1. Of all residues in the range 123-151, how many are hydrophobic (A, V, I, L, M, F, W, C) and closer than 16 Å to Lys208 by Cα?
2. Across the range 146-162, which residue is surrounded by the most Cβ atoms within 10 Å (Cβ to Cβ) among those that are touching a residue at least 40 places away in the same chain (Cβ under 8 Å) and under 20 Å from Glu98 (Cα atoms)?
3. Taking the range 117-133, which residues are open to solvent by less than 20 Å² (accessible area, probe 1.4 Å), of a type in the set (A, V, I, L, M, F, W, C) and at pLDDT 95 or above?
4. Specify which of the listed residues (Arg36, Arg32) is more than 27 Å from Asn122 (Cα to Cα), touching a residue at least 12 places away in the same chain (Cβ under 8 Å) and more than 16 Å from the chain's Cα centre (by Cα).
5. Look through the range 84-116, keep the residues that are among the small types (Gly, Ala, Ser) and more than 16 Å from Thr6 (Cα to Cα), and return whichever of them is modelled with the lowest pLDDT.
6. Is it fair to say Ala130 is closer than 23 Å to Phe82 by Cβ and under 14 Å from the mean Cα position of the chain (by Cα)?
7. Under 6 Å by Cβ, and 6 or more places apart or on different chains, what pairs join a residue from the range 69-92 that is more than 24 Å from Val171 (Cβ to Cβ) with one that is hydroxyl-bearing (Ser, Thr, Tyr)?
8. Mind listing whichever residues of the range 124-166 are of a type in the set (Phe, Trp, Tyr) and outside any helix (DSSP H, G or I)?
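The values are calculated or read from the model by the stated rules, or taken from the named source; none is laboratory data. All values derive from a computational prediction rather than experimental measurement. Cβ coordinates were reconstructed from backbone atoms using ideal geometry, including for glycine residues, and neighbour counts include every protein chain displayed. The protein model used for the area step is the full one, side chains on, heavy atoms only, and it has no ligands, DNA or RNA in it. Shrake-Rupley method; radii C 1.70, N 1.55, O 1.52, S 1.80 Å.
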Amino acid sequence: MKALITGASSGIGRDMARILAARGCDLILVARREDRLEELRQELPVKVRTIALDLSVEENCKALYKQVGDEKVGVLINNAGFGVFGPFDETSLDQELELIHTNICAAHILTKLFLQDMVKRNKGYILNVASSAAFCPGPLMAAYYASKAYVLSLTQAVNEELRKKGSRVYVGAFCPGPVRTEFNARAGVEFAAPSISSEQAAQIAIQKMIQRKPVIIPSLSMKATKFAERLLPDRVVTRACYHIQHGKQKNAPQK
């Protein structure tokens, strides 16, 4: 089987590549940093194709599909994404538009194009990396939280459509809480809550994907948080989230 992973140059994407390679999957790895992809390619014991590409550009997403669409990709993992921290009226519009194009548009385009092929073959796996941020509004990271809510909602809707058709294609969402990756540095925050390693997160994601779990939440604390959010008024959840986000800012390393 061949797997395509976006955002594969570091963090969860890199560790997913290692796990799938250990399972014997050939890989197509996509990210902007060609040097990181090449380093990863050299360590993996399978056939690896690397593609350096900026997926925040819509035409690049379509070009990627045209480039590899005939290779019968059996696993697609939409992992590319990043966050922007700060009050919405102060953050960079250009950065947020890049975030929307990467977190939402790229995942949407690639899911749609590769899903159409998988449905024809009646087999395949698509795992969209969302976040526990998908479950509530996120003051001080408003665009990021909203983007992950989109990814989760889209994934759940497509999953139900496939179930109704009796399709054997899997589409699921991975919703981790804090994970130790380079995400913190790019977003300019430091997690206040306990985090898990990217290796642990990737292992759980791949295992549950193979088990065809539609929404994957890797830690008990995040499952408990999600359950609590259902019981509380939206206003309370949003205010609590603000205080959590503000704590990230206070704990962030000074630049």
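1. Looking only at that region, the number is 4.
2. Here the residue is Ser147.
3. Met118, Ile126, Leu127, Val129, Ala130
4. The match here is Arg36.
5. Taking the candidates together, the pick is Gly86.
6. Answer is yes for this residue.
7. Val84/Thr91
8. Listed by number, the list holds a single entry, Tyr125.
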